[in-house]
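The values are calculated or read from the model by the stated rules, or taken from the named source; none is laboratory data. Keep in mind that this is a model prediction, so the values were computed, not measured. Here the Cβ positions follow ideal geometry from the backbone for every residue, glycine too, while neighbour counts run over all protein chains shown.
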């Protein structure tokens, strides 16, 4: 049977059934995605554990710089810097950036070394909502340090189709 | 081939800390968006970025969909010797692109 109702052959009942099917199909499509709509602080904590393992993280040394109020979450400039002399004996090995409420908690992992000279990296990220962004640095002595920043977002990324 | 702007100082003093900047034209499709008909748009991002200085790796980044479209990266390295700074990035589709710049260290 022809599903698409055409003038002349379709009855009102068949048309309504077809239209209803369309609406249900359209509504069901987004619901069928299994992945959670956004990361939560808990999934961020899990993602952090996945990257750094069971090591203890101390606060300090890491400075995360984002604008406190963001108009457009699609591009938010971010600078992370770590207080380190960046010598062969004492340098930053990795800096990982995490967020709470984007669909995925990871943002980026930067691998540095003594040849970096200065532990500072800038990039641009997406922010789906007002949330906390966390940076965790691993130093060459194996210790982990963290810094965070709370950001207010007025137009979110990741949600609407552009 | 994605268009890319890379910025490496052409000259530097030995031992100076120099800034390297890269801006790559790429949609960084997250995989979380849907098109008009409700189909998921497949993920397509640059997931890896490496900077080598005369063949030795000085900076590497693992990127995730939370990085904005047209990814921008800025980082530092010590100007040790004259030579070639190469920036290489890899996409989800497996393509790699390398841009190089010459630096004179005196």
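Figures for the structure shown
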read-out: Residue match in the range A:91-114 (condition: crowded, with 17+ Cβ neighbours inside 10 Å, more than 15 Å from the chain's Cα centre (by Cα), modelled with pLDDT of 90 or more and farther than 24 Å from residue B:22 by Cα); value: no
read-out: Qualifying strands (runs of 3 or more DSSP E) (wholly inside the range A:33-122; at least 3 residues being within 12 Å of chain B (Cβ to nearest Cβ), in contact with a strand residue (DSSP E or B) (Cβ under 9 Å, 6 or more places away or on another chain) and more than 22 Å from residue A:138 (Cα to Cα)); value: none
read-out: Failed condition for residue B:94, given (1) touching a strand residue (DSSP E or B) at 6+ places or on another chain (Cβ under 9 Å); (2) modelled with pLDDT under 95; (3) away from chain A (no Cβ under 11 Å); (4) surrounded by fewer than 17 Cβ atoms within 10 Å (Cβ to Cβ); value: (1)
read-out: Exclusive hit being assigned by TED's automatic domain parsing to the domain that holds residue A:135 and surrounded by 14 or more Cβ atoms within 10 Å (Cβ to Cβ), set A:75, A:87; value: A:75
read-out: Scan of the range A:123-155 for residues that are outside any strand (DSSP E or B) and either buried (at least 20 other Cβ atoms within 10 Å of the Cβ) or facing chain B (nearest Cβ under 7 Å) (or both), ordered by number; value: A:126, A:127, A:128
read-out: Residue in the range B:20-39 that is free of Cβ contacts under 8 Å to residues at least 40 places away in the same chain, touching a strand residue (DSSP E or B) at 6+ places or on another chain (Cβ under 9 Å), within 14 Å of chain A (Cβ to nearest Cβ) and over 30 Å from residue A:73 (Cβ atoms) present; value: no
